[in-house]
Structures are given as C-alpha cells and as structure tokens.
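Asks: Mind having a look at this structure? Questions to follow.
Derivation of every value follows stated rules applied to the coordinates shown; laboratory data play no part. Just so it is clear, the structure is predicted and the values come from calculations on it, not from any experiment. Neighbour counts run over all protein chains shown; Cβ positions are idealised from the backbone, glycine included.
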Amino acid sequence: MRYTQYFLPTLKETPGDAEVVSHQLMARAGMIRKVAAGIYDYLPFGLRVIRKVENIVREEMNRAGAIELLMPAINPADLWQQSGRWQEYGKELLRLKDRKDTEFCVGPTHEEVVTEIVRGTVSSYRQLPLNLYQIQTKFRDELRPRFGLMRGREFIMKDAYSFDVDDAGAEVSYQKMYQAYRRIFERCGLDFRAVEADSGTIGGSFSHEFMVLAETGEDAIVSCGSCDYAANVEKAELRAPVGEASAPTMELGKVATPNLKSIDDVAAFLKEKPQQMVKTLVLQNEREETVAVLLRGDRKLNEVKLCNYLDCNHIQMADEALVRKITGSPTGFSGPIGLSCRVISDYELATMSDFGLGANEENFHLTGANHGRDFQVEAFVDLREAVAGDDCPRCEGKLEIWRGIEVGHVFKLGTKYSEAMNATVLDGQGKERALVMGCYGIGIGRTAAAAIEQNHDDNGIIWPMPLAPFQVIVTMLNPKDEAVSAAGEKLYQDLLDEGIEVLLDDRDERPGSKFKDADLIGIPLRVNVGARGLKEQSFEFQDRRGGERVMLPVEGAAAKVAEQVRAALVVG
RNA sequence: CGGGGAGUGGCGCAGCCUGGUAGCGCGCCAGUUUUGGGAACUGGAUGUCGCAGGUUCGAAUCCUGUCUCCCCGACCA
C-alpha cells in the first residue's frame, strides 16, 4: 500500500475524551473515530488490525473443530421470550419495533438464536458434538461505555456455542475451546492468564476468563505465587482460618460514639485497629430477603460469594429506611445483636474475640463483643474479597493481585437454554435428552485494544507482528530524489513479491514527520531509504521495539526483511 | 442510577465572572526558502459559539429548558 493512496488520518494531539492509552493511540493512529458514546468507526488502518485478530480466531476455532456461520444481529422478541431473557436482561438489551409493531432486539449474545437453529435441525446424538461460531457485531446498551473499544456498546465479538448429548461430551468440548483460546492469545502475542471465574447467573459448573495483564484493566484477578491457581477476585476462594477464637476476656460494654459512623473513625476513637472491629452490613436481594453480614472491619464484602451462598442473582446495600427498620437505628451503628433478619458471618470472625460492634443505637457502639456469648450467627462462610498476601486455597503459597482486561470467556451452560427452548436429541438408548451446551466469547476489538495497552511506548504503538496492520514500512526520505525513489519502489515491489504486507511512505513530507508517524502507527519493522545510505549501497533497518538502526545492503534486502517477518510470525 | 465537568472552524483550547458582534496553537490552501526525528516566512480559507426559548438597544457571555459527550462513584454501616 502506498501512503499517498491510503486513508490514514493521524493526529498530533490526543483527543480530549480519550482516557486510556489504547484509546488515545487508536484515535491518534487513525484507527477509530467516535460516532456516539460507545460507538465507533473502524477506519481502514484499524480494520486491518481487527481482521488480523479475527483471522487468528477463525483459524484456531476451525482447527478446534468449530464451524463458522452467521446469525442475524436483529433477533425477534419471541425467541428471547422463550428463554425468559426478554424479561431478565434489563436495559442493556436494545429493543426496537418494526413497522408492524413487532418487537425485536439487537443481539447482545446469541444463545437463543443458535439454540433455535439446533433445535430445528439436530435430532440425534449421532449428529453431535457440534460447535457453531460466528464473528459479528453485537450491541449491549452499557450503563457506562468507556475507554474506546475496551468497553463499547457496539462491538465485534466471536461467539461460539457447543452442543453435546451429555456432560462428559460437554467437558470435552469445553476443554477444546479452552485450549483454542490459549493458542489464540499466544498467537496474538499477549501476556495473559486463564483464570477461574464465577459462572454467574447462568449457573454453569465451570468458567474461565482469559485476562490480558494490564494496569488499566477493569478486573482484578488473583494468582498464587507458588502454584498455578488463578481466579477473578469475584471467584477467588479463601481458606477457612485454622484455630478457634480465644476465650472472651472482656465484658460487653457500651460506649458513646457521637457521629462516628465509619469503622475507621470509630476504631480511631476507641484507640483500636479496624481489624479489631466487626462491621455489620445490611443487604437485600431480588427476592427482598434481608440479611446482615459480618466482616472484619478492614475487609470488603464479595457480593458474588454472598449471592452464591444465598442462591440469588443480585444483592445490594439496604437503604436508610430498611436499615432503620432492621436495626432500629440509622446507618453507621449497625450490629448483629437483636436483629430481626438472618445474620451471616465471614469465616474470619470465627477466630476473633473481644471485638467492637455497632450497638444498633444512634451514636453508640459496643466493645468487648464475642460471638456465641453475645450473639449467634447462622453460619461462618467465605464472604470477603481476597487481598494480596492471603493464603492460596490450593497450596501453601500466597496470593498476588493483578489488574486484567477480560478478552475471552469460556463457560459451560448446561441445559438452561436447551430446556427452556425444548432443544432435545435422542441418545443411544432412544431416550430424549436436553442438549448440554457451552458458550465461548472473544472480544475482537478489546483484544486489539489490550494488545496496545501491553505494547506501546511514549512514541506510539508497537504492534506484535501477528496483529500488525502492515508488517513493514518503507520510508522514502526524499521521494523527489530519483535514486531514492527508484530504490524505494524496487524494495516495495520486492517485499510485495515476498508476500509481505508493506506500507510505502511515498509522501512528500519532511523525514521527521515520517518517522513520527511510523512510530505512532507502530509498524514492527522499518526500512529507511535515503540518499545517505544509498551512497554505500545500503538501506537502514530498524525494529520498532527499540532496536538499533543497522545498515542493510540493498542487494538481498527484501529477502532478509521478509525472513525476519516470517520468524516473528512463528507461534512461540 | 447518584455526583461532578464539558459542548466555541477538522483537532486541542482561550474568551464567559464584569454582555458591545469571536481569538490562539495544530491542521488545511497558495507561494518562497527548506529537507535525516513533527521546518521557517508571507498570504489565505474555514464558526448560525450544541439546540430551543427568555432578559436586553445589544447575548458565546446572564436566565430557563432540552439534547449530547466525558469523568468519578455505585463497599457505606
């Protein structure tokens, strides 16, 4: 591609609304333009990267035995009513009506449509296993789209769905996808971890997220420094502490704590550490069940764990009125003694004694409290969020905390959709069985964004070779110089003949501008063609990733560069 | 959903408090000189100041409404 005939509008300045580096660089490098909140144009240069990611995904999905198809972006409400999600999905589902007032939605995911396909075409276990996938634009009306392609409302996703006659088969299908995902992200040149994740409301038994490690990631993940345990913090299990609480040494006492509502304030007032306080959180789930949760003062509640324990989908902090009703006092003074609701405690309290508590009375707290003696709890369960330094649940190691960008998610669906939509097959015994499903997603644009988060410097993007929109840029320093022009054109042609994707910078710009643009757009390899080098029958050759500039003899230059491109494409 | 902020040439911003008919940098066009890390000079083009009302002799500026966009939070007992 010749630069002068291409469409690559780069920006010197960073757009004001771009917060994270991948978004800034994508905008500056002429990859994307915002059209509306969370909705973007993919300009030619950006689209090339998207296609690179898609093709890697496609090759690995095909290798794993999945079969590509394409489902409609617009889905009839009817299908979503069959699964129950027309009601469940909430505002993220973009709904619309056609001219006949029939309701539709823009598909945010395609379990319903794919299940309908299989229901109507597969009737025997002999046709299984089956794994169908598509690469398609999705729409989710996110509460808060942000960070460019990282969290858009409209986004390109690869979604795959496996169908098996039984759990054993589904497990095999799952493992195939898991391995395919590992290969995909390795081929993309990303530093990632596959972590255990909560399967959420879907209720499946097993789920992994593929996380690209990056400071700007929206998810927190834990991993063990000693073994290969890794999990989303939402999922990260913590071991029950060993030992029991020591015997109480203090009497229960009441102290005035005027206007001291936060644990830190109360602890400071009592000259105690927050670790010696217990906080009482009042929450309510979607069934309007109210529970009180006890946690050590400095800990955070993991709501996902609580939901799993309560077998509910959503839980939130009670409002002021409800807290008053349950505890008899305003927020800030809640405690477990004398509550009219379930009281559940985190594991950790089992080993604590003589701690501080809210008194359920405005402006009062209790000291020297002990469970068993002063109050009872329904159970001690794992409810708190993991922090760095916690014990690994699998070995003797300690947990570390990372930030990550979720680029892929695989999980077992079980029979949720097949049962709801009556998708069954006959097994070997002639018995009708609900299909056992799995679903597997990859965010294509997010993967590209994650690659930039991991591969950039102050000057711009540094594309990993497999994702590079062009593999080589040939920079003609002065295209008006006939020798330069002739040599540049020849190199360009030779590289094309080698099958290399090359951008020829034939613009009549000063060299400085060309170098800046080349760095910004991040082409991995650059060849400078200038009068200075040509005097010695040489080009200059430079690796974008900080390599030294080296002289490259004109003779055989294209072959050498091509060789280096191919070497960088081999899967590690 | 709660809080905060912003909409002024293609991009980044100033002007607004204290109303007087719009400015800077980048980019763009023409010319001259330049040409190895975003050139210099000269000349030029580009704005119904988000939209709708209102106040006023006069509104980018003050008031009301509205739309859009961005950020933070949604763990506080």
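Asks: In region A:253-381, what percentage of the DSSP-assigned beta bridges are antiparallel, given to the nearest 5?
Replies: Details: 18 of 27 bridges.
Within region A:253-381, antiparallel bridges account for around 65 percent of the total.
Asks: May I ask for the net charge around A:Gly512, where only other residues with Cβ less than 13 Å from the Cβ of A:Gly512 are counted and Lys, Arg are +1 while Asp, Glu are -1? Before the final figure, lay out each step's value.
Replies: Details: positive: A:Lys12, A:Arg507, A:Arg510, A:Lys514, A:Lys516; negative: A:Asp505, A:Glu509, A:Asp517, A:Asp519.
Overall, the nearby charge balance is +1.
Asks: Sort A:Tyr3, A:Tyr309 so that the residue with the fewest other Cβ atoms within 10 Å of its own Cβ comes first and the one with the most comes last. Mind showing how you got there, number by number?
Replies: On the way: A:Tyr3 20, A:Tyr309 16.
So the ranking, lowest neighbour count to highest, is A:Tyr309, A:Tyr3.
Asks: For a footprinting-style exposure proxy, rank A:Val570, A:Val282, A:Val472 by other Cβ within 10 Å, fewest first. Intermediate results must be reported in sequence, preceding the final value.
Replies: Values: A:Val570 9, A:Val282 21, A:Val472 25.
Fewest-to-most ranking of A:Val570, A:Val282, A:Val472: A:Val570, A:Val282, A:Val472.
Asks: Counting alpha carbon pairs within less than 8 Å and at least 6 residues apart, what relative contact order, in whole percent, applies to region A:470-569? Write out the running numbers ahead of the final one.
Replies: Details: 160 pairs, mean separation 30.8, N = 100.
Normalised by residue count, the contact order of region A:470-569 is 31 percent.
Asks: In whole Hz, what ³J(HN,Hα) sequence does region A:86-91 give by Karplus (6.51, -1.76, 1.60; θ = phi - 60°), x for Gly and Pro?
Replies: Using θ = phi - 60°, the values come out as 4, 7, 5, 5, x, 6 Hz.
Asks: Quick test of your reading: applying the under-4.7 Å Cβ rule, which cysteines of chain A are isolated?
Replies: Cysteines of chain A left without a disulfide-compatible partner: A:Cys105, A:Cys188, A:Cys307, A:Cys312, A:Cys341, A:Cys439.
Asks: Taking a threshold of 26 Å on the Cα-Cα distance, which of the pairs A:Lys176/A:Lys235; A:Lys305/A:Lys398; A:Lys490/A:Lys514; A:Lys254/A:Lys305; A:Lys158/A:Lys412; A:Lys273/A:Lys325 fall above it?
Replies: On the way: A:Lys176/A:Lys235 23 Å; A:Lys305/A:Lys398 20 Å; A:Lys490/A:Lys514 19 Å; A:Lys254/A:Lys305 32 Å; A:Lys158/A:Lys412 16 Å; A:Lys273/A:Lys325 29 Å.
Going by Cα-Cα distance, A:Lys254/A:Lys305; A:Lys273/A:Lys325 fall outside the 26 Å limit.
Asks: If you stretched the chain out fully between A:Glu88 and A:Thr10, how much longer would it get, using 0.36 nm times the residue separation minus the C-alpha to C-alpha distance?
Replies: This chain segment gains 23.8 nm when fully extended.
Asks: Then there's this: Give me the angle, in degrees from 0 to 90, between the Cα long axis of helix A:444-454 and the longest principal axis of the Cα atoms of chain A, rounded to the nearest 10.
Replies: 90 degrees
Asks: Also: Quick one: net charge of A:Glu563's neighbours, Cβ under 13 Å, K/R +1, D/E -1? Let's see the in-between values first.
Replies: Details: positive: A:Lys560, A:Arg566; negative: A:Asp494, A:Glu498.
Charge balance in the 13 Å sphere: 0.
Asks: Identify the residues of region A:141-169 with backbone N under 12 Å of a label point that sits 7 angstrom from the Cα of A:Arg183 along the Cα-to-Cβ direction, or state none.
Replies: none
Asks: With an 8 Å Cα cut-off and a minimum separation of 6 or more residues, compute the relative contact order for chain A in percent. Please report the intermediate quantities before stating the final value.
Replies: Working: 1227 pairs, mean separation 94.7, N = 572.
Once normalised by length, the contact order is 17 percent.
Asks: Give me the distance between the Cα centres of region A:307-372 and region A:230-251, rounded to whole Å.
Replies: That distance is 17 Å.
Asks: Net charge near A:Glu218: determine it from the other residues with C-beta under 13 Å of the C-beta of A:Glu218, scoring Lys and Arg +1 and Asp and Glu -1.
Replies: On the way: positive: A:Arg144, A:Arg146, A:Arg151, A:Arg403, A:Arg446; negative: A:Glu19, A:Glu142, A:Glu209, A:Glu215, A:Asp219, A:Glu234, A:Glu406, A:Glu453.
The answer is -3.
Asks: When a/c is below 1.5 the answer is rounded, else prolate if a/b is larger than b/c, else oblate, so apply that to region A:470-569 with a ≥ b ≥ c taken from the square roots of the Cα gyration tensor eigenvalues.
Replies: Details: a/c = 1.44, a/b = 1.16, b/c = 1.25.
It comes out rounded by the Cα gyration axes.
Asks: Return a whole-number percent for the relative contact order of region A:275-316, with Cα pairs under 8 Å and 6 or more residues apart as the contact set. Don't jump to the answer; show the numbers that get you there.
Replies: Numbers: 51 pairs, mean separation 17.7, N = 42.
The normalised contact order for region A:275-316 reaches 42 percent.
Asks: If each of A:Ser262 and A:Ser124 carries a label point 7 Å out from its Cα toward its Cβ, how far apart are those two points in nm?
Replies: If labels sit at A:Ser262 and A:Ser124, their model points lie 6.8 nm apart.
Asks: Follow-up question, since we're still on this one. Hand me the tally of lysine pairs in region A:32-155: alpha carbons under 27 angstrom apart, and the pair either on different chains or 8 or more positions apart.
Replies: Total qualifying Lys-Lys pairs in region A:32-155 comes to 9.
Asks: Here is a follow-up. Tell me what chain A gives for mean residue ellipticity at 222 nm when only DSSP H runs of n ≥ 4 count, each as -39,500 (n - 2.57), the sum divided by the residue total, rounded to 500 deg cm²/dmol.
Replies: Details: 15 runs with 154 residues, N = 572.
It lands at -8000 deg cm²/dmol.
Asks: OK, next. In region A:1-106, which trypsin sites (Lys or Arg not before Pro) fall in coil by DSSP and have 14 or fewer other Cβ atoms within 10 Å?
Replies: Working: sites: A:Arg2, A:Lys12, A:Arg28, A:Arg33, A:Lys34, A:Arg48, A:Arg51, A:Lys52, A:Arg58, A:Arg63, A:Arg85, A:Lys91, A:Arg95, A:Lys97, A:Arg99, A:Lys100; in loops: A:Lys12, A:Arg99, A:Lys100.
Sparse-neighbourhood loop trypsin sites (Lys or Arg not before Pro): A:Lys12, A:Arg99, A:Lys100.
Asks: Which order results if A:Asp519, A:Asp346, A:Asp101 are arranged by neighbouring Cβ count within 10 Å, fewest first? Mind showing how you got there, number by number?
Replies: Numbers: A:Asp519 19, A:Asp346 24, A:Asp101 6.
Final ranking by Cβ density, sparse to dense: A:Asp101, A:Asp519, A:Asp346.
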